[in-house]
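Encoded as structure tokens, the structure appears first; notes follow it.
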Amino acid sequence: MYIPCLMCTQHPDSTVKITAGEEVDEAVVAFLAYGCDEVMVDYEGKATPYSQPRDVASKALALGLPLGERFFITPRVPNPRLEDFERSMLSLEAAVLANSYSQRAAGVQAVKWVVLPMTEDVETMAFVYKALDMKARDLAELNAVKRDSSIELIPLVEDAMRQIKIESFIKALFRTAAQSGRILEHMRIFLGISDSAVRHGHMASALAMVKALGQISEINRDGEFKISPIVGMGSPPFRGGLNNPHLAVPEAAQYAGYKTATIQSAVRYDVSYAEYQKVREAILSVYTPRRLHVEEAWITKASELYREAIRPYIGKIAELANAIPSTRDRVSWREYGRVIEGVEWRVPRAIVYTATWYFAGVPPTLLDARFIAWAYKNDVLDDVLRALPATVEEWKFESRFYSRERAEKTLGGEIVKDIDNAFDILGIKPEPDRTYITLLNSADTQPHAIALGRIRGFLG
């Protein structure tokens with residue numbers, strides 16, 4: 001079975017606005033120019049036309065792309081427990097109808113997988129399998145789709161505390177698939193880092209990702225199940241850094257063990273094509289999965305200290321988020337935002353959240369300053385850095401966009417003291433980008449946020 005390596009997504013992390021009407025051509029360009037062999041048509045919290053999977057299939061066939069063989073359309077559908085039930089059902093039907101079209105037009109199955117976001121229980125997985133099968137069966141009875149067509153679900157696991165238990169969760173997912181009539185030997189698992197970072201901070205989410213990839217590697221070695229992990233990571237270190245031309249090499253080594261990686265919008269629109277090629281080369285390099293020990297206690301402590309650190313500032317972050325533009329046709333985060341345990345306010349989704357912290361003068365990776373200090377004081381920092389060897393390079397990169405003046409003015413002095421202490425512990429002397437900092441210190445509008453994002457190479 002061919003498993004795609006590069007998944008083009010529709011994340012709004014670029015400074016360039018892409019309309020829903022442009023996304024069909026974008027999918028084809030992703031294959032022809034960027035070498036992506038999979039495109040994720042995104043319906044999660046997003047106003048995507050239900051015809052889009054079919055339209056991408058039509059365009060691909062018209063251009064002679066190897067649809068269903070080396071190029072796949074993989075919708076991400078709304079989780080019916082979290083978004084409108086009707087939108088979830090319509091997006092599943094859109095996936096099945098895309099197959100109906102591609103089978104009639106070319107005898108191929110354009111959609112082999114559907115991504116289910118925020119998967120935290122097997123009951124939702126079973127429910128979506130049942131809905132998917134019912135829709136496929138109805139179309140098969142009308143001779144509109146082949147009876148042997150089968151679309152598999154890709155669970156998207158986006159929480160650190162679920163990821164560190166991924167081994168038992170995977171076994172439960174295989175049982176759920178079997179109960180739906182699918183006897184699987186292979187499953188794709190999507191591990192997301194962005195929403196996990198919003199909930200738990202970067203270091204907790206990164207440690208959980210490394211631990212999960214290690215567990216999956218062990219499962220594959222045992223041979224009972226075959227798992228192909230997808231890692232969902234963007235350009236900012238807070239969102240994994242794998243799409244970042246400055247960080248792709250150390251990040252790819254740090255997260256060794258993935259089969260597929262996302263190619264998000266910023267790396268296609270906010271950096272040069274030559275820089276993109278460096279990112280692509282790094283992602284496609286073969287890294288041996290790492291065998292190392294990651295203490296769960298580090299992850300829980302990092303999460304605790306991160307939430308403690310951000311709690312006083314979340315109201316201000318929600319206010320500043322108004323300055324961050326939307327560059328895709330997404331539902332407002334105020335309708336479909338995120339909840340952090342122990343934090344009173346609903347917060348923006350990951351990209352707006354990340355961009356807002358930059359706008360406040362604090363690159364969000366630096367919000368782990370208290371955990372850095374704790375790990376140093378408790379003599380485990382070297383062990384943590386062995387698990388996350390890209391950390392020092394991430395902090396050096398983020399230092400270019402850190403403004404003490406802006407942070408103190410916007411958030412107060414306490415957060416600056418924590419961050420400066422962590423820089424000292426890591427032995428890093430911040431080297432701010434003077435042009436960026438000058439603009440940031442007077443920024444208050446969306447055009448400012450766009451200009452700052454262009455300097456960084458990503459919006460959020």
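The values are calculated or read from the model by the stated rules, or taken from the named source; none is laboratory data. The structure presented is a predicted model; accordingly, all values stated were derived computationally and were not measured. As a convention, Cβ positions derive from the backbone with ideal geometry for all residues, glycine included, and neighbour counts pool all protein chains shown. Just the protein is used for accessible areas: all its heavy atoms, side chains included, with ligands, DNA and RNA removed. Shrake-Rupley method; radii C 1.70, N 1.55, O 1.52, S 1.80 Å.
The set of residues in the range 217-237 being crowded, with 23+ Cβ neighbours inside 10 Å and touching a residue at least 60 places away in the same chain (Cβ under 8 Å) consists of Ile230, Gly232, Gly234, Ser235, Pro236, Pro237. Scanning the range 261-275 finds one or more residues that are more than 20 Å from the chain's Cα centre (by Cα), more than 21 Å from Arg239 (Cβ to Cβ) and open to solvent by 30 Å² or more (accessible area, probe 1.4 Å). Per the conditions (1) in a loop (DSSP other than H, G, I, E, B); (2) more than 27 Å from the chain's Cα centre (by Cα), the sole criterion not satisfied by Tyr402 is (2).
Of all the criteria given as (1) more than 23 Å from Trp357 (Cβ to Cβ); (2) part of a loop (DSSP other than H, G, I, E, B), the one not satisfied by Tyr276 is (2). Within the range 250-270, the presence of a residue that is aromatic (Phe, Trp, Tyr) and more than 28 Å from Pro4 (Cβ to Cβ) is excluded.
The residues of the range 377-398 that are over 23 Å from the mean Cα position of the chain (by Cα) and surrounded by 18 or more Cβ atoms within 10 Å (Cβ to Cβ) amount to a single one, Leu381. The selection criterion, being within 28 Å of Ala253 (Cβ to Cβ), assigned to a helix (DSSP H, G or I) and at pLDDT 95 or above, holds for Tyr376. Regarding the range 55-75, can at least one residue be identified that is buried (at least 18 other Cβ atoms within 10 Å of the Cβ), out of contact with any helix residue (DSSP H, G or I) (no Cβ under 8 Å at 6 or more places or on another chain) and either closer than 17 Å to Arg188 by Cα or touching a residue at least 40 places away in the same chain (Cβ under 8 Å) (or both)? Yes, because at least one residue in the range 55-75 is buried (at least 18 other Cβ atoms within 10 Å of the Cβ), out of contact with any helix residue (DSSP H, G or I) (no Cβ under 8 Å at 6 or more places or on another chain) and either closer than 17 Å to Arg188 by Cα or touching a residue at least 40 places away in the same chain (Cβ under 8 Å) (or both).
If you check Gln179 against the conditions, is it closer than 23 Å to Glu224 by Cα, buried (at least 23 other Cβ atoms within 10 Å of the Cβ) and either at pLDDT 95 or above or more than 19 Å from the chain's Cα centre (by Cα) (or both)?
In short, no.
Filtering Glu319, Glu304 for residues that are among the acidic types (Asp, Glu) and more than 30 Å from Val77 (Cα to Cα) leaves a single hit, Glu304.
Which of the residues belonging to the range 244-260 are without any contact (Cβ under 8 Å) to a residue 40 or more places away in the chain and either open to solvent by less than 10 Å² (accessible area, probe 1.4 Å) or assigned to a loop (DSSP other than H, G, I, E, B) (or both)?
If the condition is that a residue be without any contact (Cβ under 8 Å) to a residue 40 or more places away in the chain and either open to solvent by less than 10 Å² (accessible area, probe 1.4 Å) or assigned to a loop (DSSP other than H, G, I, E, B) (or both), then Ala248, Ala252 are the ones that fit.
Screening Asp383 against (1) within 26 Å of Ser326 (Cβ to Cβ); (2) in a helix (DSSP H, G or I) leaves a single unmet condition, (1).
One residue stands out in the range 76-90 among those that are open to solvent by 80 Å² or more (accessible area, probe 1.4 Å) and acidic (Asp, Glu): the one that is farthest from Leu132 (Cα to Cα), namely Asp84. Within the range 204-233, the set of residues being touching a strand residue (DSSP E or B) at 6+ places or on another chain (Cβ under 9 Å) and not in a helix (DSSP H, G or I) comprises Phe225, Lys226, Ile227, Ser228, Pro229, Ile230, Val231, Gly232, Met233. Would you mind stating whether Leu142 is at pLDDT below 90, within 24 Å of the chain's Cα centre (by Cα) and open to solvent by 50 Å² or more (accessible area, probe 1.4 Å)? When the stated conditions are applied, Leu142 does not pass them.
Scanning the range 419-460 for residues that are modelled with pLDDT of 95 or more and of a type in the set (Gly, Ala, Ser) returns Ala422, Gly427, Ala449, Ala451, Gly453, Gly457, Gly460. Asp420 satisfies every condition listed in (1) under 26 Å from Trp298 (Cβ atoms); (2) of a type outside the set (Lys, Arg); (3) in a loop (DSSP other than H, G, I, E, B) except (3).
Taken as a whole, the structure leaves Glu405 outside the set of residues that are among the charged types (D, E, K, R) and either within 21 Å of His200 (Cα to Cα) or open to solvent by less than 10 Å² (accessible area, probe 1.4 Å) (or both).
What about Gly241, is it assigned to a helix (DSSP H, G or I), touching a residue at least 60 places away in the same chain (Cβ under 8 Å) and out of contact with any Cys (no Cβ under 8 Å at 6 or more places or on another chain)? The answer is no for Gly241. For the range 123-132, the count of residues that are closer than 21 Å to Met233 by Cα, modelled with pLDDT under 90, in contact with a helix residue (DSSP H, G or I) (Cβ under 8 Å, 6 or more places away or on another chain) and crowded, with 16+ Cβ neighbours inside 10 Å is zero. Among the candidates Thr288, Thr300, the residue that is among the β-branched types (Val, Ile, Thr) and open to solvent by less than 70 Å² (accessible area, probe 1.4 Å) is uniquely Thr300.
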